Each structure stands twice: as structure tokens, then as C-alpha cells.
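Read through the structure below, which is laid out as C-alpha cells, and then see the notes.
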Amino acid sequence: MRAVSLTPVLLLTFCALPLAAQPAMPRPGPEHDALKRFVGDWDATVVFMGGESKGTATYKLGFGGFWLTENFKSDFGGQKFEGRATVGYDPTKKKYVSTWIDSMTPSLLIMEGEYTNDGKTYTESGVGPGHDGKPTKIKSVYEFKDEDAFVFTMYMGGSEQEGLKITYKRKK
């Protein structure tokens, strides 16, 4: 009978050992703090294919402080448009990583990027669907004008020709 009463004690001791050896949980670092400048509600002016439209964006920092999410809404030529982004810092790659999905594209866009040393520009690149639906190089540049304004420019096909430009102004 004594062996039966020792079993719970041995089981608890055995299970507790791996917990003590576990590394500390990761915490957001300065790279995640750099994403805080996006947080808030924004009015957006979109210039695309010779046209202009208005939109809104809401950025939130969540998921333990590791991930910035964007909820973007606009319309292009009378057609409703929604987009969602996630951005975080991958310490393994030592780069920012992002994803983008929207209501007009059936493909997930995955990008990698980094800030300039002065923190005034964030540039990311990846491969996503081009205007013809075929994979193409995509580069996005975020230029921070001040705390309440930034400009997003997307270049497609490996060229320096603008494909899309969005000017964001923080809602007051």
C-alpha cells in the first residue's frame, strides 16, 4: 500500500523537474516597440492606377505585444475593399515579417523587412501576385513624415515604378 501513496508524490516531482528547467518566456523587445508608431486610427488617401479613393485603417499591437495587426477599408472604383495585415519581428531571421490578405486577391502575401538606422523608413520585400496573377517581386516602403503621418508606396515587378501609394494621417 505504501507504493500506492508514493505514486502521486513521485509523479508530481517528476513533472515539476522539466518546468524548472524551462527557459523564460519571450518578451517583446525594442524591435516590437518600433511598431508602436503605427498604433491608432488613420484616414487614408489611396492613389492607384490613376485614380484616388479614401479609406481608413486601424492598427493594434496585440498577441502578447509581438504582433501588429492592420484592418484596412476602402473602395476602388466603387468596389468595396478590405485588407488585413500582420507584422512582427522574427528574432531567428533578425528581420520583420509580415502577411497581407485582401478582398481582391486569393493569395497570401508574405514579406520581410527592416527599418533604416534612423527609424524614418521601413522597407519590406517579397513575392506576390502581379496584375496578371503571376508571381512578381514586390517592395513596400513606409516613410514616416512625423508622428501623425506616413506614406506607404508599393513597387511591383522589381521596378522602381510606383504601383500604389497611400498617405496616412492619424485621426484626431
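None of the figures in this text is laboratory data; all of them are computed from the coordinates on show. Every value quoted in this text rests on a predicted model; they were computed, and no experiment measured them. Cβ atoms come from the backbone with ideal geometry, glycine included; neighbour counts cover every protein chain shown.
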Answer in debye to the nearest 20: the dipole magnitude of region 71-172 about its Cα centre, from +1 Lys/Arg and -1 Asp/Glu charges placed on Cβ, is 220
P(r), alpha carbons of the chain - 10 Å bins starting at zero, rounded %: 9, 32, 30, 10, 7, 7, 4, 2, 0
Helix-only CD estimate at 222 nm, as mean residue ellipticity for the chain, using -39500 (n - 2.57) per DSSP H run (n ≥ 4): -4000 deg cm²/dmol
Percent RCO, i.e. relative contact order, over the chain, from Cα pairs under 8 Å lying at least 6 residues apart: 15
Give, as ranges by residue number, the residues of region 127-147 whose backbone N falls under 16 Å from the point 7 Å along Cα→Cβ of D118. 142-147
